[in-house]
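Structure first, commentary second.
The values are calculated or read from the model by the stated rules, or taken from the named source; none is laboratory data. All figures in this text were calculated on a predicted structure; none of them were measured in a lab. When we count neighbours, we look across all protein chains shown, and the Cβ atoms used for this are built from the backbone with ideal geometry, even at glycine. SASA here: full protein model, heavy atoms, side chains in, ligands and nucleic acids out. Shrake-Rupley method; radii C 1.70, N 1.55, O 1.52, S 1.80 Å.
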Amino acid sequence: MTDAVRTPHPGLAESPFLAAARGEVPSHTPVWFMRQAGRSLPEYLKVREGIGMLESCMDADLVTEITLQPVRRYGVDAAIFFSDIVLPLKAVGVDLDIKPGVGPVVASPVRTMADVEAIPDLTDEHVPYISQAVRQLVAELGATPLIGFAGAPFTVASYLVEGGPSKEHARTKAMMFGAPDVWDALMRKIAGIAAAYLRIQAEAGASAVQLFDSWAGALTPADYRASVMPHSERVLAEAGELGVPRIHFGVGTSNLLGLMGEAGADVVGVDWRTPLEHAIPLVGDRAVQGNLDPTLVFAPTEVMTARAAEIIEAGRRAKGHIFNLGHGVIPSTDPGQLMALTEFVHGYQLR
Ligand code: 1CP
């Protein structure tokens with residue numbers, strides 16, 4: 001980057017989100033929502049009209065606008081960069097699309113060593129619109145931190161190997177079990193891309209990063225440790241060198257939470273199936289993020305907030321607690337409920 005060393009906004013020093021991530025005492029429990037930008041917001045649907053998902057991710061002005069929308073509406077304690085875990089693959093030339101109602105679809109799934117070797121590494125030149133969008137966002141967000149993110153090697157590998165969304169991840173795991181050399185090369189390739197993608201976002205001004213290993217819950221602890229963890233560890237270690245707090249999240253990972261922390265996270269994201277009181281002793285000396293069941297926003301407000309209160313209380317025993325849902329916002333969510341939830345978390349008296 002040529003434009004001097006960026007100076008972080010002075011207000012970021014007081015950010016409750018960053019304080020909790022670092023295990024310091026925040027002024028209130030910080031809250032943001034995975035997938036807060038996107039399908040549940042009418043203003044999002046409006047700006048996306050007639051524009052494809054990947055096309056939107058490559059338009060710095062649109063990314064800036066969409067990322068800001070939930071911050072404006074809810075006053076959440078962090079913004080999450082609007083992009084997708086497969087965007088860096090698209091940027092290096094992998095033929096893929098994000099199909100509405102389906103998710104990422106890869107034209108020629110990766111199955112052989114030659115397929116892996118054909119994927120280029122990611123450089124800054126591949127994603128000028130990403131650095132531009134981050135710089136614009138940081139200027140607009142002021143004292144609200146921006147979370148950059150990347151897909152973790154296992155989860156991204158699943159899309160590449162299966163060719164699209166999968167429940168069982170059968171071909172992916174078959175490669176892991178049956179072709180360890182190809183698997184290792186693929187994981188190294190994706191880890192390099194993820195680390196570069198996080199570096200680009202952090203260098204442009206993102207204050208924290210989240211590594212999404214959404215589908216790691218498909219693995220046993222032994223397989224995770226042997227075939228996946230070293231690669232996530234590398235991504236998190238490289239992000240650590242940038243001085244930003246690192247959040248590590250997966251779904252159905254109650255048996256992996258300890259390892260996901262050990263992989264190098266400052267904050268371990270917990271899905272809604274694992275009560276925080278069970279998760280906290282497992283993650284060691286780290287903060288936790290989560291974990292309201294995303295369907296609770298469809299319940300009456302007082303039912304939702306009663307559950308939120310239990311989560312905030314449980315979170316007090318952690319080194320730090322960032323309130324979130326246990327996975328992404330469901331598209332049919334009423335934004336009014338997320339507003340009520342944000343206000344409830346902000347108003348909750350920690351005594
Ligand atoms: O707030 C935000 O919306 C932030 C932007 C964001 C993030 C962090 C999007 C936009 N995607 C992601 C991460 C992502 N993408 C993950 C990890 C988080 C998670 O587990 O939810 C995963 C697994 C994906 C892959 C993906 N992209 C899916 C899931 C498919 C499956 O396997 O079930 C889907 C549906 C997408 C498309 C997508 N990404 C984002 C949006 C808003 C959309 C929908 C776009 C559209 O249909 O127009």
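Summary table
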{"item": "Filter pass, ALA222 being among the aliphatic types (A, V, I, L, M) and in contact (Cβ under 8 Å) with a residue 40 or more places away in the chain", "result": "no"}
{"item": "Failed item, numbered, when LYS90 is tested on (1) touching a strand residue (DSSP E or B) at 6+ places or on another chain (Cβ under 8 Å); (2) of a type in the set (D, E, K, R); (3) more than 16 Å from the ligand (Cβ to nearest atom)", "result": "(3)"}
{"item": "Any hit, segment 173-188, residues being within 16 Å of the ligand (Cβ to nearest atom) and open to solvent by less than 10 Å² (accessible area, probe 1.4 Å)", "result": "no"}
{"item": "Unique match (being farther than 27 Å from THR123 by Cα and not charged (D, E, K, R)) among PHE212, PHE249, PHE177", "result": "PHE177"}
{"item": "Top-ranked residue in segment 19-71 [being in contact with a strand residue (DSSP E or B) (Cβ under 8 Å, 6 or more places away or on another chain) and of a type in the set (Gly, Ala, Ser); ranked as farthest from the ligand (Cβ to nearest atom)]", "result": "GLY23"}
{"item": "Filtered residue count, segment 111-152, keeping only those that are within 16 Å of the ligand (Cβ to nearest atom), open to solvent by 10 Å² or more (accessible area, probe 1.4 Å) and part of a loop (DSSP other than H, G, I, E, B)", "result": "1"}
{"item": "In segment 100-110, residue most open to solvent (accessible area, probe 1.4 Å) [restricted to those that are assigned to a strand (DSSP E or B) and among the aliphatic types (A, V, I, L, M)]", "result": "VAL105"}
{"item": "Filter pass, ALA308 being modelled with pLDDT of 95 or more, more than 16 Å from the ligand (Cβ to nearest atom) and closer than 24 Å to PRO145 by Cα", "result": "yes"}
{"item": "Which numbered condition ASP97 misses (of (1) without any contact (Cβ under 8 Å) to a residue 60 or more places away in the chain; (2) of a type outside the set (A, V, I, L, M); (3) within 14 Å of the ligand (Cβ to nearest atom); (4) open to solvent by less than 60 Å² (accessible area, probe 1.4 Å))", "result": "(4)"}
{"item": "Hey, SER227 in a helix (DSSP H, G or I), at pLDDT 95 or above, within 21 Å of VAL156 (Cβ to Cβ) and open to solvent by less than 10 Å² (accessible area, probe 1.4 Å) or not", "result": "no"}
{"item": "Elements of type helices (runs of 4 or more DSSP H) contained in segment 11-82, each with 2 or more residues being crowded, with 23+ Cβ neighbours inside 10 Å and in contact with a helix residue (DSSP H, G or I) (Cβ under 7 Å, 6 or more places away or on another chain)", "result": "60-74"}
{"item": "Any hit, segment 332-341, residues being hydrophobic (A, V, I, L, M, F, W, C), under 20 Å from the mean Cα position of the chain (by Cα) and surrounded by fewer than 24 Cβ atoms within 10 Å (Cβ to Cβ)", "result": "yes"}
{"item": "Any hit, segment 72-81, residues being touching a residue at least 12 places away in the same chain (Cβ under 8 Å), closer than 16 Å to ALA37 by Cα and within 8 Å of the ligand (Cβ to nearest atom)", "result": "yes"}
{"item": "Hits in segment 230-264 (condition: open to solvent by 10 Å² or more (accessible area, probe 1.4 Å), under 28 Å from LEU296 (Cα atoms) and not charged (D, E, K, R))", "result": "VAL251, GLY252, SER254, ASN255, GLY258"}
{"item": "Hits in segment 198-223 - residues which are assigned to a helix (DSSP H, G or I) and either out of contact with any Ser or Thr (no Cβ under 9 Å at 6 or more places or on another chain) or open to solvent by 10 Å² or more (accessible area, probe 1.4 Å) (or both)", "result": "LEU198, ARG199, ALA202, GLU203, GLY217, ALA218, PRO221, ALA222, ASP223"}
